[in-house]
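Visitor: Here's a structure for you.
The values are calculated or read from the model by the stated rules, or taken from the named source; none is laboratory data. Keep in mind that what you see is a predicted model, and the values were worked out from it rather than measured. A quick note on method: Cβ atoms are made from the backbone with ideal geometry, for glycine too, and the neighbour counts reach across all protein chains shown.
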Amino acid sequence: MKVHEYQAKALFAQHQIPIPRGQVANSPEEARLIATDLGFPVAIKAQVLVGGRGKAGGIQIASGPEEAFQAAERILSMRIKGLPVEKVLVEEALPISTEFYLGLIVDRSLERTVLMASALGGVDIEEVALTQPDAIAKVPVDPFLGLCDFQIRACARKIRISPDLLTPFVAIARNLYALFAKADATLAEINPLVLTKDGRLIAADAKLLLDDSALYRQKAIAQWREEVEEDPLEREAHQKGLAYVRLQGEVGIIGNGAGLTMTTLDAVQRAGAQPANFLDIGGGARADVVREGLTLILKDPQVKGIFINIFGGITRCDEVAKGILQALEGVDLAVPCVVRLTGTREEEGRRLLEGTPLIWAPTMEDGAQKIAELVKK
């Protein structure tokens with residue numbers, strides 16, 4: 001789950017991370033009033049749940065009330081990456097001396113949270129990682145010990161934080177980690193972390209991503225969720241309780257169990273095609289769950305073929321077959337569909353699917369190869 005910059009900054013403030021003074025406006029007139037109250041210059045910043053606002057013109061500086069009104073009017077009429085701007089953050093424009101990057105991510109290869117810092121703030125960290133990897137300091141965090149002050153200080157020295165800024169830098173990093181852990185975040189980022197001309201370290205921007213699986217214990221933050229700004233298919237899947245992630249390929253995939261589904265994605269890719277989604281129907285999936293999943297995938301216009309890969313342990317293969325047949329009732333299956341069912345009641349499942357346009361595969365590798373060849377045609 002993504003949150004807006006102003007929401008992330010509200011959480012920053014609760015954890016004693018310095019932020020600029022500012023308020024959210026829903027209209028140009030409201031932006032003018034807030035700007036006048038703050039004093040000039042001010043920054044008018046689009047609040048949308050996508051990146052690239054600055055390049056799209058969604059961040060503008062205003063030096064007076066009329067400029068603030070006009071900047072807000074322009075930004076509120078914009079669409080950034082297809083999303084309408086419905087509110088702006090009006091905040092004091094900081095007198096910037098230096099920009100740093102500071103962030104926490106989950107590194108799955110290390111199975112650790114990692115603190116990252118760089119003296120090249122204000123630039124996409126992905127770009128820095130590609131062009132100047134040595135400019136990023138990285139500190140893996142032990143999940144039992146947490147982030148220790150000596151690790152932060154070592155990180156600060158690597159990016160050449162001056163000694164007089166060491167204490168506030170350590171405090172900000174420590175508090176960012178506390179928020180990261182408490183909010184069940186997968187990413188917490190300050191880019192840039194600004195050193196002002198009067199010597200203050202302030203979080204000029206804020207980005208926070210939360211783990212959807214932990215939202216049940218983040219009830220206050222979960223109320224901020226704006227499903228209107230999510231992918232429509234992912235939104236529908238979320239409403240139906242399906243574990244679905246939309247990707248950019250052409251092969252729709254259904255599996256049972258996260259491990260098998262991920263392996264199926266890899267098999268399809270090795271066969272020369274690209275997965276269009278991740279969809280795990282879970283163990284013990286009933287026919288109606290299979291029907292809902294298949295119906296959802298068929299709504300994706302980029303899907304040119306479907307691969308259903310089921311291992312019948314708790315899940316019964318005949319139940320999966322029933323769900324497939326229910327989904328096909330009244331539906332024009334305009335794309336090829338390869339099915340591999342193995343395990344509990346496998347023979348019963350096969351018999352149910354006899355005489356249908358579905359293509360049988362004896363193994364996962366065989367099924368991946370078949371669907372890859374079919375979508376190429």
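Visitor: For the stretch 48-101, give me each residue that is surrounded by fewer than 15 Cβ atoms within 10 Å (Cβ to Cβ), under 21 Å from the mean Cα position of the chain (by Cα) and charged (D, E, K, R).
Guide: LYS55, ARG79, LYS81, GLU86
Visitor: Say whether the condition of being of a type in the set (Val, Ile, Thr), touching a helix residue (DSSP H, G or I) at 6+ places or on another chain (Cβ under 8 Å), under 30 Å from ALA214 (Cα atoms) and not assigned by TED's automatic domain parsing to the domain that holds GLU29 is met by at least one residue in the stretch 103-116.
Guide: For the stretch 103-116, residues of a type in the set (Val, Ile, Thr), touching a helix residue (DSSP H, G or I) at 6+ places or on another chain (Cβ under 8 Å), under 30 Å from ALA214 (Cα atoms) and not assigned by TED's automatic domain parsing to the domain that holds GLU29: present.
Visitor: Which of the strands (runs of 3 or more DSSP E) found entirely inside the stretch 89-189 contain at least 3 residues meeting this: closer than 30 Å to ALA62 by Cα?
Guide: 96-107
Visitor: Could you check the stretch 295-312 and list, in sequence order, the residues that are out of contact with any Leu (no Cβ under 6 Å at 6 or more places or on another chain) and crowded, with 24+ Cβ neighbours inside 10 Å?
Guide: Passing the criteria: ILE297, ILE306, PHE307, ILE308, ASN309.
Visitor: Let me ask something else about it. Tell me, which residue of the stretch 306-361 that is in a loop (DSSP other than H, G, I, E, B), of a type in the set (Gly, Ala, Ser) and more than 22 Å from GLU250 (Cβ to Cβ) is farthest from the chain's Cα centre (by Cα)?
Guide: My answer is GLY355.
Visitor: Have a look at GLN218, GLN151 and point out the one that is among the polar types (S, T, N, Q), within 16 Å of LEU11 (Cα to Cα) and out of contact with any Cys (no Cβ under 7 Å at 6 or more places or on another chain).
Guide: GLN218
Visitor: Closer than 19 Å to LYS370 by Cβ, among the β-branched types (Val, Ile, Thr) and crowded, with 23+ Cβ neighbours inside 10 Å: is that true of VAL338 in this structure?
Guide: The answer is yes for VAL338.
Visitor: Something else now. Go through the stretch 184-203 residue by residue and tally those that are among the small types (Gly, Ala, Ser) and either surrounded by fewer than 22 Cβ atoms within 10 Å (Cβ to Cβ) or outside the structural domain of PHE100 (by TED's automatic domain parsing) (or both).
Guide: Counting residues in the stretch 184-203 that are among the small types (Gly, Ala, Ser) and either surrounded by fewer than 22 Cβ atoms within 10 Å (Cβ to Cβ) or outside the structural domain of PHE100 (by TED's automatic domain parsing) (or both) gives 1.
Visitor: Filtering the stretch 129-188 down to residues that are modelled with pLDDT of 95 or more and among the acidic types (Asp, Glu), which residue is farthest from the chain's Cα centre (by Cα)?
Guide: In this case the residue turns out to be ASP164.
Visitor: Checking SER109 against (1) exposed (fewer than 15 other Cβ atoms within 10 Å of the Cβ); (2) within 28 Å of LEU201 (Cα to Cα); (3) of a type outside the set (Asp, Glu), only one condition comes out false. Which one?
Guide: Condition (2) is where SER109 drops out.
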